[in-house]
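What follows is a set of notes on a single structure, which appears directly below.
The values are calculated or read from the model by the stated rules, or taken from the named source; none is laboratory data. None of the values given here were measured: they were computed from a predicted structure. When we count neighbours, we look across all protein chains shown, and the Cβ atoms used for this are built from the backbone with ideal geometry, even at glycine. Just the protein is used for accessible areas: all its heavy atoms, side chains included, with ligands, DNA and RNA removed. Shrake-Rupley method; radii C 1.70, N 1.55, O 1.52, S 1.80 Å.
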Amino acid sequence: MSPQRSDTHILEQKGDASISFLRSRIDELDARIIGLLQHRARLAAQVQRERIRRGGTRIAADRETEVRCRFSAGLGPAGDAVADAVLLLCRGAGDDDASRRPSDDGADRSGERRADP
């Protein structure tokens with residue numbers, strides 16, 4: 001093996017190690033994000049139960065709009081999609097079916113209430 005080839009091979013190994021390290025950091029962040037989302041879902045379920053106990057609706061469209069704005073401000077154009085995913089996850093937090101769709105409670109993606117059919 002020529003010296004140049006050997007140097008290239010060492011650089012590739014260092015690059016692989018760097019990628020492995022970075023991926024492990026991403027995996028750690030993913031685990032933390034999942035934990036935070038689970039915690040958020042539990043808190044959202046408590047809020048939903050309390051709001052319903054007081055005679056309100058399970059979903060507060062104005063609050064969801066605030067969340068979308070916060071995510072958009074922090075993440076840019078992708079923030080709306082992230083907020084929608086988080087809100088969808090947390091909407092079902094108090095139910096047995098966590099896969100409910102945004103339209104299940106009469107709210108469309110903009111947070112506006114639809115008239116019941």
Selection status of SER72, assigned to a loop (DSSP other than H, G, I, E, B), of a type in the set (Ser, Thr, Tyr) and either surrounded by 15 or more Cβ atoms within 10 Å (Cβ to Cβ) or at pLDDT below 60 (or both)
no
Filter region 40-65 down to residues that are outside any helix (DSSP H, G or I) and among the aliphatic types (A, V, I, L, M) and give me whichever is surrounded by the most Cβ atoms within 10 Å (Cβ to Cβ).
ILE59
Considering residues of region 48-97 that are touching a helix residue (DSSP H, G or I) at 6+ places or on another chain (Cβ under 6 Å) and of a type in the set (Gly, Ala, Ser) only, the residue farthest from GLY35 (Cα to Cα):
SER72
State whether one or more residues within region 93-111 are at pLDDT 50 or above, among the charged types (D, E, K, R) and outside any loop (DSSP other than H, G, I, E, B).
no
Tally of residues being of a type in the set (D, E, K, R) and open to solvent by 100 Å² or more (accessible area, probe 1.4 Å) across region 28-39
1
Could you please tell me which pairs satisfy a Cβ distance under 7 Å, a separation of 6+ or placement on different chains, a first residue in region 50-78 that is under 16 Å from LEU88 (Cα atoms), and a second residue that is among the β-branched types (Val, Ile, Thr) and open to solvent by 80 Å² or more (accessible area, probe 1.4 Å)?
ARG58/ILE52
